[in-house]
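Below: the structure, in structure tokens.
The values are calculated or read from the model by the stated rules, or taken from the named source; none is laboratory data. Remember, predicted model here, so these are calculated numbers, not experimental data. FYI the Cβ positions are ideal-geometry reconstructions off the backbone, even for glycines, and counts take in every protein chain you see. For the accessible areas, the whole protein counts, side chains as well, though only heavy atoms, and no ligand, DNA or RNA atoms are used. Shrake-Rupley method; radii C 1.70, N 1.55, O 1.52, S 1.80 Å.
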Amino acid sequence: MDYHLIGLSFVFFISFYFIGIKKHIRWLSRWKQFRVKDQERFAQLVGTYLLVVGISLLISGFVNYPYENATIYIFTLGYGDLLTVYISNHIIE
């Protein structure tokens, strides 16, 4: 049981709540609000990313498996990179 991953998952869940549900996209410093065409869709996509990563970190906190750190790292970066490319091409003006 890894308490650091469990605590980090709760940080992602709190971020999901404020960005995905409450739509506070001003917390995302890289993205300028005036350049986002569809702020509702943008908040939904980023919120879904935060929820999925939070759930995967929570599961990884309870279950130990080989190459756990590399798997989490590759999953979060790969999913985040794909999401960034999609947002840049379809949602940002």
Divide, for the chain, the radius of gyration over alpha carbons by 2.2 N^0.38 Å, where N is the residue count. 1.16
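Measuring with a 1.4 Å probe in the full set of protein chains, what accessible area per residue, in whole Å², belongs to the chain? Each step should come with its number before you reach the end.
Numbers: 6230 Å² over 93 residues.
With all protein chains present, the chain gives 67 Å² per residue.
Expressed in nm to one decimal, what extension gain is obtained for the pair Phe18 and Asp38 from 0.36 nm per residue of sequence separation less their Cα-Cα distance? The partial results should precede the final answer.
On the way: separation 20, 0.36 × 20 = 7.20 nm, distance 1.74 nm.
Using 0.36 nm per residue and subtracting the Cα-Cα distance, I get 5.5 nm.
Given DSSP loops and a limit of at most 15 other Cβ atoms within 10 Å, what is the longest stretch of the chain that contains no such trypsin sites (Lys or Arg not before Pro)?
Numbers: sites that count: Lys22, Lys23, Arg30, Lys32, Lys37.
Counting only loop sites that pass the neighbour cut-off, the longest clear stretch is 38-93.
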Using only protein heavy atoms and a 1.4 Å probe, report how much of Leu5 is accessible, in Å² to the nearest 10. 20 Å²
Any DSSP H helix in the chain with Cα axial reach of 15 Å or more and mean Kyte-Doolittle score of at least 0.5? Listed by number, the hits are 3-16, 39-62
